[in-house]
Structures are given as C-alpha cells and as structure tokens.
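Engineer: Here it is: the structure, laid out below.
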Amino acid sequence: MTVLARSSSVALGRLPRPGTVLAGGFVALVVLAAVAPGLLTSDTPTQIDLTNALAPPSWEHPFGTDEAGRDLLTRVIHGTGLSLGIGLGATGVSMALAIVLGAAAALAGGVVDTLITRLLEVTFAFPSLLAALLIVAVFGPSVTTSIVAVGVGSMPGYARMVRGQVLAVKESGYIEAAHALGHRPWRVFRQHLLPNAMRPLVAVVTLGVGQSIVWASSLAFLGLGVPPPSPEWGALLDAGRGYITTSWWLAIMPGLVIVLFAVAVTSLGRTLQQRLEGAAR
Amino acid sequence: MSTAAPAPAARLRRIAGKLLSAVLVLLVAASITFFVQLLLPGDRATVILNIRNGRDQQWPAEEIAAINHQFGFDRPLIVQYLDYLAGLLRGDLGTSYTEFRPVTAVIGAQLLPTVVLTVGALVVAWLIAVTVTLLTVRRGRILGGIGAAFEAFTASLPHYWVGMLLLVAFAVQIPIFPVIGGDTPAGTVLPVLTLAVPLSGFLGQVLREEFHKVLDQPFITTARTRGMSDAAVRLRHALRHAVLPGITLSGWALGALVSGSVIAESIYGRPGIGQVLVTAVNNRDVPTVAGIVLVVAAVYIVANVLVDLAYTLVDPRLRIS
Amino acid sequence: MTRPRPFRRAGVAGLGLALAGSVLAACAGGPSAGSGTRIEGGTLTYAHVQEPPCIFGGWIQQAYISRQVLDNLVTLDTDGSIKPWLATSWEVSPDGLTYTFTLKEGVKFTDGTPLDAEAVAFNFDQWMTTQLNGTAKVSLDPYYRAAEVIDPTHVAIRLNAPYPQFLTLITQGYFGIQSPTALRTRSQAENCEKPIGSGAFVVEEWRKGQEVVFKKNPNYTSWPATAKHEGPAYIDELRWKFVPDPLSRYASLTTGQSDVVYEIPTVHWKDAQEKFETTIRYITPGKPISFYINTAAGVFTDKLVRQAFAHGADRKGAVEAGFHGVIPYEGNPAMSRSTPDYNADLADAYPFDQAKANALLDQAGWTGPRTPEGIRTKDGRPLTVRIIYGAGSFITAEGATVLQALQEQWKQVGFGVELIPLTRAELNSGRFSDPTTYDAWPSYWTSPSPAILWIVWRPTTPEKPNGNNRSFYNNPELARIIDEANTSTDPERASQLYRQAQQIISDNAAGIGLYTQNTLVAAANRVKDFWLEHSQGEPVFSDVYLVQ
C-alpha cells in the first residue's frame, strides 16, 4: 500500500491528475466506440447523400459531412474499431517478434546472440518505410497488411529492449536460484523470467499503440493504408487532405481524433510507467 | 559500456572489429534487399515493359524473353547475385532498370537534400526539446504540466498532418515560405519543421524524464548548497546528464526520419531519397532499392558511431582515462 | 540573338479560335483580358504531376514532356484534320498502302544532325523493332510494314493493309522524331535523360525528383502548322516541375510560384476559373474511364448480370456530384465524346433503373435467399463484384468517391461490391491480367483515333494475346467489324462500322461507361498563348509569351 501511495504521489508531481482522468475518459470513450459504435451513433458510416456533400459542422453533423455527404462523426466512430485494431494488432505483432528474437538472443548468448544482435542492427538500419512498401507491394493494401507493416517496422526497437530486460533479469540472482532449485528451463522462462522482464515494458507497449495508429495513418497518405470506403482514421484523414483549403473539417477532425487519442494513450502509458517504476524502487 | 580504458592494441582490434561488422551489416542489408525483391511475386521484365509504356498488363512471351536477355534476368539467380556482390565490392551499385543510369548517380543527386532535411530536422527537434524542457521542467505543476502536455501532443502528430497544416498556414494563407521550394534554403524550412515537430516531442519526453532523475541526484543538491544559481545548475550539470538517452534516441531517429522524409518530400515537391525509394520499389528497380538500403544503412552506422562519440564527450564518466 | 518579334499571330488562318471542339477554353484573347506589357524571354514554371523514368517513351507522361523537345511528322488540328509539321505534305497511294512524306528542308536536330528521310525511317524502325516504345508499336501493329528512304526529303511508309487512321495516330507524342546520331552513338542513359530532337526546347538539366529545366532552342525552324507564331519559342526557359500533391500544386499557382498547373483538383476548378483568364478543360479522346467488365469468369459471364449492373446505379448522378459538375459523365463505354466517329446514341446507354436491374437479376436466376448484408445469391453463391482500380493516378480521389457512391446503390439491388485500390507496384506487376482476379476495372486509354477500338477490343488468340482486352471479350464479329473499319478507304463506311462496333460493345455490356478522362489546366494571367495540342492534350509552351 505504501508503494502505491508513493507512486501515485510521483505521478501527481509529474502529470496533473485531471489530465490523467481526462485521458482515461477519452480512451474509454474510444474503446466504447470500437466495441459498440451503435451506442454512440445510429447512422451507418457508408450512408451516402450526394446532395448534402461537404456540409460544414452543425448540430446535425457535428464534424460536418464529407465529399459523398456521409456524416463524418459517424465515420470516425465506426472507424475506431479498425484503427484501434491496427494499433493493438501492430503492437502485438512487433512485441511477439521482439520477444522471440530478444529473449532468444539474451538467453542463448554466444553465437546466437551475436547473430540476432547483428540482424537487429541490420533491421534498424533498414528504413521501416521500405518494409511497409515491400509488404504492401506483395499483399496489397488492407487492414492486415497495415498491421504487419507497422508491426514489423517497429519491431527492432522492442527487440532490443526485450533483450536488455531479459539479460538484466537473467543475471539477477533469483533466476539462478530457480535453476538451482531444479525448475525446468521453460518454467523458469515462463514463470519468472518473462514476467519480470516484461513488466517495465508494459508502459512502452501502451505508448506503442498510439504511435502505431499515427504510423498507420502515414501509410494511408502513401496510398498503402486501408482501402475505402473504410472509415479507418488514417483513410479519413487522407481522403480529407484535398479539401483542407475548402472544407477544413474533413482533414482537421480526423486528425484531431488521431492526435488526441495518441496523446491520451501516451499520458496513460506515462502514468503507468511511473507507477511501475515507483513500485520497482 | 565499460569504463576501463582498453590498451592501444586492444582498442585498435576493437575498432577493426567494429569496421568489419559494419561492412558485414551493409552487405547483409543489401543482400537481403536484393533477394527479397527477387523472390516477390511478379517478374521484373513485366514491370519494365509496363513502366516504359504506362501499362499494367502481361506481355507476350517473346517480349518478356527479350527484356530478360537484355538485362541478364535469364541467368541463374545465384549468378545474378554474385555478379551484384562483385560489383558492390568494386563500389559499383549496379544500373537502374528504368533510368539506365548507375545507381550511384541515381542516389548521389538525392542524398544531399535528404541529409539536409533529416539532420536539419534532428537539430531543430533538439533545439525545441531542450528549450521546452529547460523552461518548464520542475517549474511548478502548471508549467511542468504544460511542458509535458506539449511534448505528448507533438509526439502524437502524424507527419503529414503537420506538413499539410504548415503548408496551408505558412505557404498558402500567410505566404512566408514557398509551396514548392525544392531544395532551396527557404523551401527547406517547412519540410524540416514537418519532421522536427513530432520528433521534438519524443526527445522532450525522454529529456524531461532524465531531468527529473538528475535533479534528484545528490550532486545537484551539493551544487545548489554551494550557491550555484538554478539556471547554472540546469545548464551546467543537469542538462549534460539528461541529454544522454536523447542522444541514443537520435541515432534511432535518423532511421525513422528517412522514412518520414518521403512525406515531407511529396508534400513540398522536394527531391530526396525517400521519393526515389518509393518509386524504385514500385518499379521493381532492384539495384536502386538495394543501393538506397545500403546508403541508408551506412548513414545509420555512421550516425551511431557519432552517437557513441557524443556519449563519451558528454558523459565525463566515460572519459576518465 | 532574340530579335523582337511582331506582336501578331502568324500561322494558319482560323487558328485564332484554336481551342474549340472538345475543348472548353477561356483563353485570354485581345485587349479585354487586361493584358499588360509584353516581356521578352523570361522563365515559365509549369507544375506537372508524375515524373517518368525517361523523357521519351510509350507512357502518356512521356508524350507530354517529350513534345517539348521533339517534333512529329504531322499534327492534329482541332477539327480533326491532319496538318503539316516536319512533313510539309504527304501523298497516299491509291491502294492506301504507301504514305510518302515530303520533309521540310534544312531542319536540323539540336546536335547538328540533319532531319532527313533517313532519320525518319530510323525512328520508325526504332519504334517498331525495339522495346523502348510499345505504345507506338501497338498503335501501328499489324498494319505497318516498313519505312523506306526515297531521297533526303522523301520518306515512304509502307503498310500491309490500308490504314487511314495512320496519320491521326502518328500525331501523338509517342511519334516524336529523335536524332539517329544520338540514338546510335550515345548511351541509353543519355538518350533517356536528354533526348535530342529538333523541337522548340532542349533539355538543359533534369533535377530528378524536382524538375526538368528546358532551354529554348534558338535555331528552331520546324514549328507545326497549328502553332500560334512562327519562329523559336518566346520564353528562354521552361521549368517543368513535378508536384504530386494536388493541394501544393494548385497552391503553387494561386501563390504565383508556378505559371501553369496541370490537373487542377475539380474542387478548385470554379475558383481557378474566377481567378485565372486561361483555364482549359480538355476531354481526352480514346477510351473514357469506363469499366472493363470481365466476361470470362465470375458473375459477369452472364450478359443479363452485366446489364443489371449497368442499370443498377446512378452513374451519371454520381459523376456529376463527385466531380463537382466539372467532369462530364460518359455513357459510351468504348469511346469518349471527343473521339472521331463517336457513337452519340450510347451517351446515355443503360440509364439508372433499379427496377429493371432487379428484373434482369431475377431473370438471371439470382433469386436465392439474400445474405445478412442483403446480397443476392444463386445456388448459394453471393453476387459479389470485385472492382479493382489504379488509385491515385488513374482514378483520382474524386473518382474513388464516385465509386463509393455507386457501391452503395449497387447494394440496393443486391450486388455486393468490393472496391480494391491497386498501388503503383501492383499495377506495374501486371498480375491483374488473370480473369480470376477481378470482375470490373475502370480505366482509360488515350488515343485521338477510333482505332483505339482495335487496340482494346482485339480478341486474344493463343498466338497473339491482347493484354489490353481487359474484358476478356473475344467477339469475332466485333473484331471483324473493327478491322474492316480500320482498313476501309471509304471514310463514310469506316465511320459507320466504328459506330457499329461501339454499339456491340455497349449492347453486350462488355464495358460500362463512367466518365471522360480530362486534362484540367490553368495558367497565371501573365501567361499568354498557352495551349494544349489536340491529339491527347500535350501542353505546348513554344508559343507562350509573358506579360507584366
């Protein structure tokens, strides 16, 4: 309990509490939109009304309407699931790859470690854009390719962190103790090593979700994102960019949603990180 | 990092080892790129014919055969690879399939604008991050909160949204900067900011965290008790320690900036590696793509050597002997 | 050096009204435009979209740019007539098999090589035998036989069969004449970057990813008969910039950083017309942006389903709304309205009629229980249609909006339409050439001649596959009619046959119309006498002069 009290005071000092509440609220809203968009809007995201195209924000259409007369807010709400899915999926993909590579390197040591470390160096030196370009070139733009492209692109950083964490935990005494107690290696890895190594990375993962969504929207700009008429946030932003000087809401509203969500997730991640660090101290 | 100073011979050996591994990384990166592209579905002769004629179709076998023969695609893959590798060792990156020029020429002209853009963005990002951090960290809850919020906000900005907003604001509505500035100095400002603003958020977050840690250190308290002013403490002691993780991040950031540069280039009609890379991947221009990877990897490696150097310069503990 | 030239339009009579016909132009003519004082020389900045890998080649982007440095034998006037360019006159043999061109005397390429019959023959050989320009080749195959030098100023082109469209086809930029010395002695890279022609400009420098800088050719002697003035270009320098982003491109014009801008986004078209004296909407001849309908595999093997698809959505309404009323709907799937021998009866083929669409689908047996999404089924198979399209350069953002609007309406009659944008890499890979990969594909093909029907609709045979027949529609009767039209020496008869061919394509719904491909350009008010040539809308800068 004292640990908790202490860490929250740390968080208090660094990030204003109302901010955290606000961030939490926004993330909750986004998750709700992702899970049950029907609760927030009764319209369908593909309902076209060409006679009411490019209407500015109003009570009826708080975010305005797009070039096909679709209600932008409805589209943003219905796009949440996809965007969140891409964010979580991409982070999942990169963490999975990172754990395999990072843990293997740290645990095996020797040649394997050298090889994987070199490989990571190579992938670090690889522009992540190239990975995305190649993946989309093969499989075509879709939700899945966005997830894989973003996930693979951000893998090397995570892998390096995992390796470092696993090494640190491995060298700490109690893993050796577990071994000495005769636990099987797999059990040691699963029950002791991985959880301890991953704990400091939880916050990093949270940050990764927000960044993945931002990254995915960049793919949309390059024509490599989720195809229309999907209301994925990056696709909405990309579709609106041609209208920025004539119908500003089309580019501003989805952009703001992306940024606000990323900010909210980031500040939650930071708070979490500080708490975890506080707990570790 | 070890603090013990290695003996000169050992140090030399270490440097040689590092160089060798750098060259290996380069070769592996180029080779992977080379093979991945060859193994992708679809064939190069079709792409070449489609590019030449603005088409998107299959071609009769005899036309494909002629192109395959002309470019040597009918040789076994391993021969093509060894041929490419032999070229690399001579410093020949091959010839572009679509432009017929040596890849070194294709990349050469585009390298400088990209280096200016990415390094410029890195420098500006540092300036913004350091300024914001110095001004707001540990300055009370409100100011600190504003600083942290600013960083979280900028770090969450998609590059092209920034690019688009800057363009509309400072090139269209208030025409201070050119819309299509190419690689002129005035035309470089907005592209640099496009990449720098989001990066500054990342750097700022790391800086702020380190600052917090450093300001809690005993030697800061000692300095203060010796009567050192707050500004001096921040600049002379805290900053030096707080920038270390940021420097590491910078090495990584250069790689990410290359990816981001294509967005700035495309919005502002600016030449650069990013655009060449996108076109080359689309055109299945194998030697050009592999060449760009090689160059970017080389820049990345050099950058990380510089990061190591910067580290030793900044951190006195690493310089003791 | 640059003598002051009389401020009078020389050249062929009647050209004052240059951009008529398919071109709606608001050209700055006469004093009403408030034109200022004229400047000698100067630099003009042009903002284009796509950057090709080489200046010359078989891609329309290359035709646009290579026209600045290369001249053709003949050119196309706005009324569809052929006018002299490098050839001052030509004669067609009575059997229609030989075209003998008389070349303008004393014309030299910018490397000093004389532009003579040998040079012309060499270029024809290049197009037809090398693989550097497949579009020139596909335009003349299989009618072309050989080029023959008669004397330095006379060259004969011999054909296998009469082909009256020959002259019209060679007015396109793909048929620009290059210096044979340069082609023979210089590297491929040099010829790619700086082709040598006899044109009004020479390539000074290509700053890749940014711009091509052209300098005027002070010794220019070979302007086309359609030119607005005689003599070298007025401007000293042309900076041809590549600005892929539409927002930046149009903004570069409104902020005065560029003088002429290509592909104005339709949303800004009204604004451009208000701000600039010269705005040109050129409707590209050839195949409009219409759907190729896959007749070889999938749901569209049944003609009734194709027709139901055509009736099922308000294509006209969607086009008009989606393009802000700027780009016209085109109901004729085979040819756009600006192409000679256009069959106007098809302009409104398959009007929006969902009752009819439903009836056709019922008749075709798509009466199984609908899927939860409301998609019709037959024998348990859903009525799914995959529409693939080249995103960006082929189908613009506005075009994609139109497709999305149609998608919603098709759903109302029970079509489950899937929109699949293709990236540049996917298009280049050519892997969507297989009938199993799509059901419909909206795309266009620029050509000033109804012979486009032959290029697109010629059947695929095992020995001679036709990769351009994207509907996989092998109709021997259609092929016979087009071939007969191509080789008929009676223009009346040919025209009738071409119209009949379009009718067959439309009646069988092997293609479904959508909208015309357009060139939308605007020029700053200081730019005078900018025009688009008539064969495919290549911008012409050799007559441009600037005012203060």
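The values are calculated or read from the model by the stated rules, or taken from the named source; none is laboratory data. Not measured: the values here are computed from a predicted model. Virtual Cβ from ideal backbone geometry, glycine too; neighbours counted across all protein chains shown. Heavy atoms of the whole protein, side chains included, go into the accessibility calculation; ligands, DNA and RNA do not. Shrake-Rupley method; radii C 1.70, N 1.55, O 1.52, S 1.80 Å.
Engineer: If you average the alpha carbon positions of segment B:30-81 and of segment B:147-187, how far apart do those two centres end up, in angstrom?
Structural biologist: Their Cα centres are 40 Å away from one another.
Engineer: A:V35 to B:R14: FRET efficiency via 1/(1 + (r/R0)^6), r the Cβ-Cβ distance, R0 41 Å, to the nearest 0.05? Walk me through the numbers on the way to the answer.
Structural biologist: Numbers: r = 55 Å, r/R0 = 1.33.
Approximately 0.15, to the nearest 0.05.
Engineer: A follow-up question, please. Answer with one residue from A:T41, A:W59, A:L101: the one whose Cα lies farthest towards the positive end of the charge dipole of chain A, charges on Cβ with Lys, Arg +1 and Asp, Glu -1.
Structural biologist: Farthest towards the positive end: A:L101.
Engineer: Follow-up question, since we're still on this one. Counting each DSSP H run of 4 or more residues in chain C as -39500 (n - 2.57), what helix-only mean residue ellipticity at 222 nm follows after dividing by all residues, to the nearest 500 deg cm²/dmol? Numbers along the way, then the final one.
Structural biologist: On the way: 16 runs with 144 residues, N = 548.
Using -39500 (n - 2.57) per qualifying helix, the result is -7500 deg cm²/dmol.
Engineer: Over the Cα atoms of segment C:289-359, each weighted equally, I'd like the Debye log10 I(q)/I(0) at q = 0.14, 0.27 Å⁻¹, rounded to two decimals.
Structural biologist: Values, matching the q order: -0.49, -1.24.
Engineer: Can you list which of the trypsin sites (Lys or Arg not before Pro) found in segment B:189-248 are DSSP loop residues with at most 15 other C-beta atoms within 10 Å? It would help to have the intermediate numbers written out before the result.
Structural biologist: Numbers: sites: B:R208, B:K213, B:R224, B:R226, B:R234, B:R236, B:R240; in loops: B:R226.
For trypsin sites (Lys or Arg not before Pro) across segment B:189-248 that sit outside H, G, I, E and B with at most 15 neighbouring Cβ atoms in 10 Å, the list reads B:R226.
Engineer: Here's another thing I want to ask about it. Which residues belonging to segment B:277-294 lose at least 20 Å² of 1.4 Å-probe accessible area when the assembly is complete, relative to their chain isolated?
Structural biologist: Output list: B:L277, B:V278, B:V281, B:N282, B:V293.
Engineer: Per-residue Cβ counts within 10 Å, from other chains only, averaged over A:44-55: what number is that?
Structural biologist: Working: counts 1, 0, 5, 1, 9, 3, 10, 2, 0, 5, 2, 0.
Shielding by partners across A:44-55 averages 3.
Engineer: Rolling a 1.4 Å sphere over the protein heavy atoms, what is the accessible area per residue of segment B:7-89, to the nearest Å²? It would help to have the intermediate numbers written out before the result.
Structural biologist: Values: 4280 Å² over 83 residues.
It amounts to 52 Å² per residue over segment B:7-89.
Engineer: Additional query: Any chance you could check the Cα centroid distance between segment C:508-548 and segment A:195-220 for me, in angstrom?
Structural biologist: Spelled out, the Cα-based centre of one part sits 48 Å from the other.
Engineer: Still on this structure, please answer the following. Please check segment B:86-104 for residues whose accessible area, probe 1.4 Å, is lower by 50 Å² or more when all protein chains are in place than in their chain alone.
Structural biologist: Hits at the 50 Å² cut-off: B:E99, B:F100, B:R101.
Engineer: Another question, then. Per 10 Å bin, what is the whole-percent P(r) computed from every C-alpha pair distance within chain C?
Structural biologist: The percentages, shortest bin first, are 4, 18, 27, 26, 17, 7, 2, 0, 0.
Engineer: Show log10 I(q)/I(0) for the protein assembly as shown at q = 0.06, 0.07, 0.09, 0.10 Å⁻¹, two decimals, from a solvent-free Debye sum over equal Cα scatterers.
Structural biologist: Normalising to I(0) and taking log10 leaves -0.53, -0.72, -1.14, -1.36.
Engineer: A further question on this structure: In chain C, carbon and sulfur make up what percent of the accessible area (probe 1.4 Å)?
Structural biologist: Carbon and sulfur together cover 52 percent of it.
Engineer: Bin all alpha-carbon pair distances of segment C:286-516 at 10 Å intervals from 0 and give each bin's fraction as a whole percent.
Structural biologist: Result, from short to long distances: 8, 34, 37, 18, 3, 0 percent.
Engineer: Cα extents of chain B along the three principal axes, largest first, in whole Å?
Structural biologist: Principal extents (Cα only, largest first): 85, 62, 30 Å.
Engineer: Let me know the whole percent of all Cα-Cα pairs from chain A that are separated by more than 33 Å.
Structural biologist: Working: 13382 of 39340 pairs.
So the portion of pairs separated by more than 33 Å is 34 percent.
Engineer: Does any residue of segment C:152-201 lose at least 40 Å² of accessible area with all protein chains in place compared with its chain alone, and if so which ones (probe 1.4 Å)?
Structural biologist: C:Q188, C:A189
Engineer: Still on this structure: Residue by residue through A:61-70, how many Cβ atoms from other chains fall within 10 Å of the Cβ on average?
Structural biologist: Numbers: counts 0, 0, 0, 0, 0, 2, 11, 9, 3, 4.
Per residue, the number of nearby Cβ atoms from other chains is 3 on average.
Engineer: Rolling a 1.4 angstrom probe over the protein heavy atoms, how many square angstrom per residue are accessible across segment B:105-320?
Structural biologist: On the way: 7800 Å² over 216 residues.
I get 36 Å² per residue for segment B:105-320.
Engineer: With label points built 7 Å along Cα→Cβ from the Cα atoms of B:V119 and C:D271, find their separation and express it in nm.
Structural biologist: 3.8 nm
Engineer: I've got another one for you. Helix-only estimate, please: 222 nm mean residue ellipticity of chain B, summing -39500 (n - 2.57) across DSSP H runs of length 4 or more and dividing by its residues, to the nearest 500.
Structural biologist: Working: 12 runs with 233 residues, N = 321.
Helix-only estimate at 222 nm: -25000 deg cm²/dmol.
Engineer: Sticking with this one: In whole percent, what relative contact order does chain A give with Cα contacts below 8 Å and a gap of six or more residues?
Structural biologist: 26 percent
Engineer: Based on the Cβ-Cβ distance from A:S172 to B:I78, what FRET efficiency comes out when R0 is 41 Å, to the nearest 0.05? Don't skip to the end; give the middle numbers.
Structural biologist: Values: r = 47 Å, r/R0 = 1.15.
For A:S172 and B:I78, the calculated efficiency is 0.30.
Engineer: Treating the beta-carbon of each Lys and Arg as +1 and of each Asp and Glu as -1, no other charges, what is the dipole magnitude of the protein assembly as shown about its Cα centre, to the nearest 20 debye?
Structural biologist: 4980 debye
Engineer: Report Rg(Cα)/(2.2 N^0.38 Å) for segment C:291-419, keeping two decimals. Walk me through the numbers before you get to the answer.
Structural biologist: Values: Rg = 15.0 Å, N = 129, 2.2 N^0.38 = 13.9 Å.
Its radius of gyration relative to the 2.2 N^0.38 Å reference: 1.08.
Engineer: By how many degrees, 0 to 90 and rounded to 10, does the Cα axis of helix A:143-171 deviate from the longest principal axis of chain A?
Structural biologist: Tilt of helix A:143-171: around 20 degrees.
Engineer: If you don't mind, another one. Ignoring ligands, DNA and RNA, what percent of the accessible area of segment A:84-136 is carbon or sulfur (1.4 Å)?
Structural biologist: Numbers: 1420 of 1730 Å².
C and S atoms contribute 82 percent here.
Engineer: Length gain on complete extension for the stretch B:A310 to B:L112, per 0.36 nm per residue less the alpha carbon to alpha carbon distance?
Structural biologist: Full-extension gain reported as 69.0 nm.
Engineer: Could you tell me the center-to-center distance, by alpha carbons, between segment C:376-392 and segment A:122-161 in angstrom?
Structural biologist: 30 Å
Engineer: Please report, for the Cα atoms of segment B:7-89, the Rg to one decimal and the Dmax as a whole number; what are they, in angstrom?
Structural biologist: 19.3, 66
Engineer: For segment C:303-382, which GluC sites (Glu not before Pro) pass both filters: DSSP loop (anything but H, G, I, E, B) and at most 13 other C-beta atoms within 10 Å? Mind dumping the intermediate values first?
Structural biologist: Details: sites: C:E320, C:E330, C:E373; in loops: C:E330, C:E373.
Passing sites in segment C:303-382 are C:E373.
Engineer: A further question on this structure: Just tell me how shielded B:187-194 is by partners: mean number of partner chain Cβ atoms within 10 Å of each residue's Cβ, no decimals.
Structural biologist: On the way: counts 1, 0, 0, 0, 0, 0, 0, 0.
That works out to 0 on average.
Engineer: Mean shadow of segment A:113-268, computed from the convex hull of its alpha carbons, in nm²? Walk me through the intermediate numbers first.
Structural biologist: Details: hull surface 46.8 nm².
Averaged projected hull area, Cα only: 11.7 nm².
Engineer: Continuing with this model, one more query. Sort C:341-350, B:10-19, A:186-195 by the packing proxy (mean of other Cβ within 10 Å over each peptide's residues), most packed first. Don't skip to the answer; put the middle values down first.
Structural biologist: On the way: C:341-350: 18.4, B:10-19: 11.0, A:186-195: 14.9.
Descending mean neighbour count gives C:341-350, A:186-195, B:10-19.
Engineer: Angle between the Cα long axis of helix B:273-282 and the longest principal axis of chain B, 0 to 90 degrees, nearest 10?
Structural biologist: 40 degrees
Engineer: Something else about it: Quick one: if the Förster radius is 35 Å, what FRET efficiency do C:D348 and C:S393 give, using the C-beta to C-beta distance and rounding to 0.05? Intermediate results must be reported in sequence, preceding the final value.
Structural biologist: Working: r = 29 Å, r/R0 = 0.82.
Result of the calculation: an efficiency of 0.75.
Engineer: Let me ask something additional. Points 7 angstrom from Cα along the Cβ direction at A:L256 and C:D111: gap in nanometres?
Structural biologist: A separation of 6.0 nm, rounded to one decimal place.
Engineer: Same structure again: Ignoring ligands, DNA and RNA and using a 1.4 Å probe, state the total buried accessible area between C and A in Å², rounded to the nearest 100. It would help to have the intermediate numbers written out before the result.
Structural biologist: Working: alone 21170 and 14300 Å², together 33780 Å².
The summed interface area works out to 1700 Å².
Engineer: What accessible area, summed over both chains, is buried at the B-C interface (1.4 Å probe, Å², nearest 100)?
Structural biologist: Chains B and C together bury roughly 3600 Å² of accessible area.
Engineer: Further question on the same structure: Quick one: compute the contact order of segment A:53-106, relative version, from alpha carbon pairs under 8 angstrom and 6+ residues apart, as a percent. Write down the numbers at each step before the final one.
Structural biologist: Values: 36 pairs, mean separation 10.3, N = 54.
Relative CO of segment A:53-106 lands at 19 percent.
Engineer: Follow-up. What number, in percent, do you get for the relative contact order of segment C:286-516 if the mean sequence gap of Cα pairs under 8 Å and at least 6 apart is divided by its residue count?
Structural biologist: Numbers: 466 pairs, mean separation 80.4, N = 231.
Relative contact order, segment C:286-516: 35 percent.
Engineer: What is the helix-to-structure angle for B:61-71, meaning the angle in degrees between its Cα long axis and the longest Cα principal axis of chain B, kept from 0 to 90 and rounded to the nearest 10?
Structural biologist: With rounding to tens, the tilt is 60 degrees.
Engineer: May I ask you to work out the translational diffusion coefficient for segment C:122-268 at 20 °C, viscosity 1.002 mPa s, via Stokes-Einstein with Rh from the Kirkwood sum over Cα pairs, reported in whole µm²/s?
Structural biologist: On the way: Rh = 18.2 Å.
So the translational diffusion coefficient is about 117 µm²/s.
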